[in-house]
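Just below is one structure, and these are the notes that go with it.
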Amino acid sequence: MTQAGTLEDLQEVGAYLQGHFLLTTGRHSDTFFLLARLTEWPQRLIPWIEILRERLGDISARTVVGPAVGGIIPAYQLASTMGNARVLFAEKDTDGSMQFRRGFHLEPGEPVVIVEDAITTGFSVGKVMEAVQGQGGRVVAVGTLVNRSQVPLPWDVPVASVLQLTGVRNWAPDECPLCQQGLPLTAPKR
């Protein structure tokens, strides 16, 4: 087994892919992180979460929230390291917003850490932030297993990443050089 927090570790479990991919954001990329292949192995995920917990430092939160589906398992595992923290997840609504369902509720001012499996543009995390704030919660940090964003993220809270990558390209579909080359587009999450 390779060291946690590395591309090699992700490659071993089939979570790091190269090709021509449709990202959840609708953008295209030559690199895909199918982190469900990491989270399906609890003993491999635990060291990643330990690294994330360390990088979050002394951030204190009563609740950890993950966007469905990719953030649920990492959020659950992180919450298990935080003493008495609970874990919730937000789900996509028909209008594209993220909502709390299943009776999940935040108290006014409740401190929340949002955990995602991978961040490309930060769009999903931003939607979860809106859901947290819509219930009066207060986001105190964001954590992610893989941060592949190529621009500064627009949040005024600490962001901790286990694996921070630069140079991972992604394109709008009409600007994608892989499409222009005629390479088949795949959607690994389907």
*Qualifying residues in region 161-175 (those that are of a type outside the set (S, T, Y) and out of contact with any Leu (no Cβ under 9 Å at 6 or more places or on another chain)) - the one nearest to I114 (Cα to Cα)*: Q164
*Within the group T24, T2, T6, which residue is of a type in the set (S, T, N, Q) and modelled with pLDDT of 95 or more?*
T6
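Going by what's in this entry, would T81 be described as in a loop (DSSP other than H, G, I, E, B) and under 20 Å from S149 (Cα atoms)?
No.
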_Subset tally (residues that are surrounded by fewer than 22 Cβ atoms within 10 Å (Cβ to Cβ) and more than 19 Å from T120 (Cβ to Cβ)) for region 64-77_ = 1
_Residue that is surrounded by the fewest Cβ atoms within 10 Å (Cβ to Cβ) [pool: residues in region 148-190 that are among the charged types (D, E, K, R) and over 25 Å from I59 (Cα atoms)]_ = R190
*Among the candidates V115, V140, which residue alone is over 23 Å from G96 (Cα atoms) and in contact with a Pro (Cβ under 6 Å, 6 or more places away or on another chain)?*
V140
*Considering only residues that are touching a helix residue (DSSP H, G or I) at 6+ places or on another chain (Cβ under 8 Å) and closer than 14 Å to K189 by Cβ, look in region 16-26 and name the one that is surrounded by the fewest Cβ atoms within 10 Å (Cβ to Cβ).*
G26
*With respect to Q43, is the statement that it is free of Cβ contacts under 8 Å to residues at least 40 places away in the same chain, within 22 Å of G167 (Cβ to Cβ) and over 13 Å from the mean Cα position of the chain (by Cα) true?*
no
_Residue match in region 46-54 (condition: surrounded by fewer than 22 Cβ atoms within 10 Å (Cβ to Cβ), among the β-branched types (V, I, T), modelled with pLDDT under 95 and over 30 Å from P177 (Cα atoms))_ = no
*asked:* Pairs needed: first member in region 140-154, within 14 Å of L165 (Cβ to Cβ); second member anywhere, of a type in the set (K, R) and surrounded by fewer than 18 Cβ atoms within 10 Å (Cβ to Cβ); C-beta distance under 9 Å; at least 6 residues apart or different chains.
replied: Q150/R169
*Please go through region 114-141 and pick out each residue that is under 9 Å from the mean Cα position of the chain (by Cα) and assigned to a strand (DSSP E or B).*
I114, V115, E116, D117, A118, I119
_Qualifying residue in region 159-171 (condition: assigned to a helix (DSSP H, G or I), over 12 Å from L23 (Cβ atoms) and out of contact with any Lys or Arg (no Cβ under 6 Å at 6 or more places or on another chain))_ = no
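The values are calculated or read from the model by the stated rules, or taken from the named source; none is laboratory data. Keep in mind that this is a model prediction, so the values were computed, not measured. Every residue, glycine among them, receives a Cβ derived from its backbone with ideal geometry; neighbour counts consider all protein chains shown.
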